[in-house]
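A.B. asks: First the structure, then my questions, so here it is.
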Amino acid sequence: MREQAGKFITLEGGEGMGKSTVRKYVQSLLEEKNISYVLTREPGGTPMAEAIRQVLLQSYEEIVQPYTELFLMFASRAQHIEGVIKPALAQGQWVISDRFTDASFAYQGGGRGIPQDHIQALSEWTGADIQPDLTLLLDASAEVGQSRMRRRTKDRIEQEDLAFFERVRKMYLRLATLQPHRYRVIQADQSLTHVKKAVASVMEEVLS
């Protein structure tokens, strides 16, 4: 594997946007260039963070309070950053993460209504304000996402209603507008061929 400064790439978007498919394609592009990378996800990424993920995503008879969800997300993220992301980047590896801090701004901020400054404060306290070099936002209507999820067993968050995911999408698009230097919006309701072409074009920017 060739040695070079590590880059941090995140994949974001609502449910059913095809992040897993795009992640595999990004992996293939890095492998073609013989670039060493670490693949990870949020919530999760380390044994403890994955345990917190299970707590977050399972369903309960009681209502999970928005701040409970937010704090658990950042507890998992704190482990993830120190245990996976920072060490990999320090070694010159690239990191591909299925979601990162932007997901909290979109889901717990946009979706749950938690003030953005509360989320920003947690980002700063936990070191989660680290900025990805590139964020691929896979975007399509919430209706498209829900249609794709119809035959899938849904976790607790995936069971939210359409209005919730519309708020999530709106916040993601707002983030993309506010941070155009790292966000690239990929239209996820296109054919897979068109999605891959768009991703390849964006990846050329960081691979060149």
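A.B. asks: What pairs come out if I take residues in the stretch 39-54 that are assigned to a helix (DSSP H, G or I) and pair them with residues that are surrounded by 15 or more Cβ atoms within 10 Å (Cβ to Cβ) and of a type in the set (Ser, Thr, Tyr) whose C-beta lies under 8 Å away, six or more apart or interchain?
C.D. replies: From residues that are assigned to a helix (DSSP H, G or I), the pairs are MET48/SER76; ALA49/SER76; ILE52/SER76; ARG53/SER76.
A.B. asks: How many of the residues in the stretch 98-136 are surrounded by fewer than 16 Cβ atoms within 10 Å (Cβ to Cβ) and in contact with a strand residue (DSSP E or B) (Cβ under 9 Å, 6 or more places away or on another chain)?
C.D. replies: Qualifying residue count, the stretch 98-136: 2.
A.B. asks: Just give me the residues in the stretch 78-129 being at pLDDT below 95 and either closer than 25 Å to GLY18 by Cα or touching a Cys at 6+ places or on another chain (Cβ under 9 Å) (or both), in sequence order.
C.D. replies: Listed by number, the list holds a single entry, ALA128.
A.B. asks: Scan the stretch 146-160 and give yes if some residue there is modelled with pLDDT of 95 or more, farther than 23 Å from PHE74 by Cβ and either among the β-branched types (Val, Ile, Thr) or touching a strand residue (DSSP E or B) at 6+ places or on another chain (Cβ under 8 Å) (or both), otherwise no.
C.D. replies: No, every residue in the stretch 146-160 fails to be modelled with pLDDT of 95 or more, farther than 23 Å from PHE74 by Cβ and either among the β-branched types (Val, Ile, Thr) or touching a strand residue (DSSP E or B) at 6+ places or on another chain (Cβ under 8 Å) (or both).
A.B. asks: Please work out which residue is nearest to GLY113 (Cα to Cα), limiting yourself to the stretch 167-201 and to residues that are in a helix (DSSP H, G or I), touching a residue at least 24 places away in the same chain (Cβ under 8 Å) and more than 17 Å from the chain's Cα centre (by Cα).
C.D. replies: Out of the qualifying residues, it is VAL195.
A.B. asks: For the stretch 81-97, which positions are crowded, with 16+ Cβ neighbours inside 10 Å, among the hydrophobic types (A, V, I, L, M, F, W, C) and in a helix (DSSP H, G or I)?
C.D. replies: The answer is ILE81, VAL84, ILE85, ALA88, LEU89.
A.B. asks: Still on this structure, I have one more. Across the stretch 159-192, which residue is surrounded by the fewest Cβ atoms within 10 Å (Cβ to Cβ) among those that are of a type in the set (Ser, Thr, Tyr) and more than 16 Å from VAL26 (Cβ to Cβ)?
C.D. replies: SER191
The values are calculated or read from the model by the stated rules, or taken from the named source; none is laboratory data. Note that the structure is predicted; figures quoted are calculated from it, not measured. Don't worry about glycine lacking a Cβ; one is built from the backbone with ideal geometry, like all the others, and counts go over all protein chains shown.
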